[in-house]
Amino acid sequence: MELPGLLPPRKKSPEVRIKKRELSKVAKSTTSLKLLDENITHCFACPRLVKWREEIAVTKRKAYLDQEYWGKPISGFGSDKPRMLIIGLAPGAHGANRTGRVFTGDPSGDWLFGSLHRIGIAKIGTSTHKDDKQELKQTRITTAVRCAPPDNKPSNDERDTCAPWLLREFELALPTTRAFVGLGSFAWSALFATLRELGHPLNTTKFGHGAELRYTHEGVEYLLIASYHPSQQNTFTGKLTTKMLDSVLIKASRFARIN
Ligand code: SF4
């Protein structure tokens, strides 16, 4: 394969397969969030996750047998000049891995977009498919790992292999981003690891719903804030309520001065 340091926009060549040894170089040389979103979809760096995402796309869930699954990595979604960046764990097997858009097509997505809609950030309050004309105001949603993992549990090696995509996404978003929201402890850790790698001086802050860290780096003020992940495990049991999620997102969006 001829490795493109920078893939041209919209080119969807099935021959382009980014392998583990090339990933970091491709990520570093990608010059915009738009290109990054495209390049991520060509990633084949984690054999177990590639197999799983493609297998799910063939076997499907009974309710979606008539649908074509995306079955590829999931890019970030939203503004390319975000003031607020929301980070989740990884795509859902029958959610984003089916629909092709982050937090779309499963109850977690409806929770997140429902909240973003209530606080005036998302145009519509559901997230069922990628052609719904959804828009986010000065906000971007992404995940620490881009391919659906079995049992929602990426290995440490898979997390580390995928990290250069998140690192580059943060680098490209940082000129505008002021508030970061970590959904769940996995995303919270990835958030800290990524910003530290970019030289941000972060005090260790234990994960918990509403945990936050405010700091200044090179004259710019930032807020990191945590929420329990809007997974069914948390929302069905009442561990996370709509009020709790709204409250974290309101705090972050106000800090980021989204208008
Ligand atoms: S999880 Fe990340 S690094 Fe691994 S194949 Fe998917 S996009 Fe590539």
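So the check is Cβ under 8 Å with 6+ separation or different chains; which pairs have a first residue in the range 11-27 that's at pLDDT 95 or above and assigned to a helix (DSSP H, G or I) and a second one that's within 13 Å of the ligand (Cβ to nearest atom) and among the aromatic types (F, W, Y)?
L23/W165; A27/W165
Which of (1) away from the ligand (no atom under 16 Å from the Cβ); (2) in a loop (DSSP other than H, G, I, E, B); (3) surrounded by 23 or more Cβ atoms within 10 Å (Cβ to Cβ); (4) in contact (Cβ under 8 Å) with a residue 60 or more places away in the chain does S127 not meet, given it meets every other one?
(4)
List the strands (runs of 3 or more DSSP E) inside the range 144-248, counting only whole elements, that have at least 1 residues being touching a residue at least 40 places away in the same chain (Cβ under 8 Å) and under 16 Å from L89 (Cβ atoms). First the steps, then the outcome.
Details: elements: 179-183, 212-217, 220-227.
Fully inside the range 144-248 and qualifying: 179-183, 220-227.
Is there a residue being more than 25 Å from G238 (Cα to Cα), within 16 Å of the ligand (Cβ to nearest atom) and surrounded by fewer than 20 Cβ atoms within 10 Å (Cβ to Cβ) anywhere in the range 174-190?
no
Do we have E171 as away from the ligand (no atom under 16 Å from the Cβ), under 20 Å from I74 (Cα atoms) and either surrounded by fewer than 21 Cβ atoms within 10 Å (Cβ to Cβ) or hydroxyl-bearing (S, T, Y) (or both) here? Steps first, answer last, please.
Working: away from the ligand (no atom under 16 Å from the Cβ): yes; under 20 Å from I74 (Cα atoms): yes; either surrounded by fewer than 21 Cβ atoms within 10 Å (Cβ to Cβ) or hydroxyl-bearing (S, T, Y) (or both): yes.
For E171, the condition - away from the ligand (no atom under 16 Å from the Cβ), under 20 Å from I74 (Cα atoms) and either surrounded by fewer than 21 Cβ atoms within 10 Å (Cβ to Cβ) or hydroxyl-bearing (S, T, Y) (or both) - is met.
Can you report the number of residues in the range 28-48 which are more than 22 Å from E197 (Cβ to Cβ) and either part of a helix (DSSP H, G or I) or in contact with a His (Cβ under 6 Å, 6 or more places away or on another chain) (or both)?
4
Working carefully through the options E197, E212, E218, find the one that is more than 20 Å from T142 (Cβ to Cβ) and out of contact with any Pro (no Cβ under 9 Å at 6 or more places or on another chain). Quick ask: steps written out before the conclusion?
On the way: E197 fails: more than 20 Å from T142 (Cβ to Cβ); E212 fails: more than 20 Å from T142 (Cβ to Cβ).
On inspection, the qualifying residue turns out to be E218.
Considering every residue within the range 79-95, establish whether at least one is within 16 Å of the ligand (Cβ to nearest atom) and over 26 Å from T177 (Cβ atoms). Even if it seems obvious, please write down each step before you answer.
Going through the range 79-95, the residues within 16 Å of the ligand (Cβ to nearest atom) turn out to be 87-93, 95.
Adding the requirement that they be over 26 Å from T177 (Cβ atoms) leaves 93.
Yes, some residue in the range 79-95 is within 16 Å of the ligand (Cβ to nearest atom) and over 26 Å from T177 (Cβ atoms).
Which numbered condition in (1) touching a Lys or Arg at 6+ places or on another chain (Cβ under 6 Å); (2) among the β-branched types (V, I, T); (3) within 16 Å of the ligand (Cβ to nearest atom) is the only one that I121 fails?
So the condition that I121 fails would be (3).
The values are calculated or read from the model by the stated rules, or taken from the named source; none is laboratory data. The shown structure was predicted, so the numbers you read here are calculated from the model rather than taken from an experiment. Positions of Cβ are backbone-derived with ideal geometry, glycine not excepted, and every protein chain shown enters the neighbour counts.
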